[in-house]
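Q: Below: one structure in structure tokens.
The values are calculated or read from the model by the stated rules, or taken from the named source; none is laboratory data. As the structure is a prediction and not an experimental result, all values here were calculated from the model. Here Cβ is always computed from backbone atoms with ideal geometry, including for glycine, and neighbour counts include all displayed protein chains. Quick note on the areas: whole protein, heavy atoms, side chains included, nothing else; ligands and nucleic acids left out. Shrake-Rupley method; radii C 1.70, N 1.55, O 1.52, S 1.80 Å.
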Amino acid sequence: MSLINLHEGVALVAARGAALGAFNVTCWEMAPAIIAAAEAADFPVVLQAQWPFLEYAGAPVATRFLTDLAEQAKVPVVLQVDHAKTWEQVMACLRHGFSSVMIDASHHPINDNIGLVRQVVKAAHPMGVTVESELGRLSGSEGDVVVDEAEASFTDPREAAYFVEETGVDALAVSVGTVHGPYRGEPKLDFPRLEKISQETSVPLVLHGASGLSPATLQQGVTLGVGKVNFSTELREAWLGAMRRELASDAADTLPCIRSAQAAVQKVVAEKITILKC
């Protein structure tokens with residue numbers, strides 16, 4: 001079909017009362033499984049590369065691989081980097097053909113966060129590339145992003161409105177009770193806060209750390225302004241679980257292990273897309 005940006009992708013699914021699923025690529029073989037699930041569902045998808053994977057694989061080579069997959073897919077695909085933390089990381093992604101970038105400067109004071117995001121927006125928009133950023137901090141770890149519970153803070157709705165206006169960002173990741181990594185106990189999202197942020201801002205909201213959330217929770221988030229939902233932990237768990245099962249056999253071999261792991265990831269992605277279709 002086509003490589004599209006995040007604005008285009010959200011618009012496509014919002015018309016159907018749905019949200020985009022964004023699925024993190026942490027190794028080469030995971031990407032085709034994500035695309036296969038989206039094609040089977042006939043639904044747009046965000047193919048989302050974590051920066052540590054791009055750094056390990058080499059951004060030019062990895063991006064060519066991911067772009068080829070996206071352009072050959074039978075559904076629209078957004079190619080986005082997740083949690084780029086520096087100007088240099090964002091520029092590498094812009095140079096190599098990403099259609100969307102996520103710059104995470106939430107660890108900086110708000111004015112520094114605004115300054116960096118505004119700079120990225122000015123560079124990306126003339127290229128037709130959309131920008132996601134984050135305000136508020138999720139506890140937990142994902143890739144090379146680690147936030148202690150004591151440092152986590154919920155997103156303030158009025159601060160969010162100011163942030164969006166000052167930066168011109170296209171999507172805003174918010175902290176309303178999700179975490180990066182596995183949950184300890186049943187997560188409780190602050191839905192009134194989420195609704196207020198949506199009312200105060202003019203952009204789609206993004207839920208990070210959505211692995212483990214119930215279908216009802218995810219769907220309620222969509223009704224309150226969430227346009228994109230990120231999944232990573234459940235994909236990694238499915239991949240590694242399938243690998244362990246295959247490796248337990250004395251007859252384990254490389255390709256059967258990979259194919260089993262891909263099938264496990266594809267199943268998880270298919271389940272999440274079905275939920276987000278509402």
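Q: Taking the conditions exactly as written (among the charged types (D, E, K, R) and either at pLDDT 95 or above or crowded, with 24+ Cβ neighbours inside 10 Å (or both)), does E29 satisfy them or not?
A: Criteria met by E29.
Q: Within the set of pairs 6 or more residues apart or between chains, which connect a residue that is open to solvent by less than 60 Å² (accessible area, probe 1.4 Å) inside segment 6-22 to a residue that is of a type in the set (S, T, Y) and not in a helix (DSSP H, G or I) with Cβ atoms less than 8 Å apart?
A: Filtered contacts from segment 6-22: L6/S99; L6/S100; L6/T130.
Q: Could you say whether any residue in segment 224-235 is crowded, with 20+ Cβ neighbours inside 10 Å, in a helix (DSSP H, G or I) and small (G, A, S)?
A: no
Q: Something else now. Go through segment 224-263 and give me each residue that's free of Cβ contacts under 8 Å to residues at least 12 places away in the same chain, farther than 15 Å from M30 by Cα and either touching a strand residue (DSSP E or B) at 6+ places or on another chain (Cβ under 6 Å) or among the hydroxyl-bearing types (S, T, Y) (or both).
A: S249
Q: Read through the list (1) more than 17 Å from C93 (Cβ to Cβ); (2) buried (at least 23 other Cβ atoms within 10 Å of the Cβ); (3) of a type in the set (A, V, I, L, M, F, W, C), then give the number of the only condition that A49 fails.
A: (1)
Q: Does V77 satisfy the criteria of being open to solvent by less than 10 Å² (accessible area, probe 1.4 Å) and more than 29 Å from E271 (Cβ to Cβ)?
A: no
Q: When the residues of segment 231-262 are filtered to those that are of a type in the set (A, V, I, L, M) and touching a helix residue (DSSP H, G or I) at 6+ places or on another chain (Cβ under 7 Å), which remaining residue is farthest from L47 (Cα to Cα)?
A: Ranking the candidates gives A252 first.
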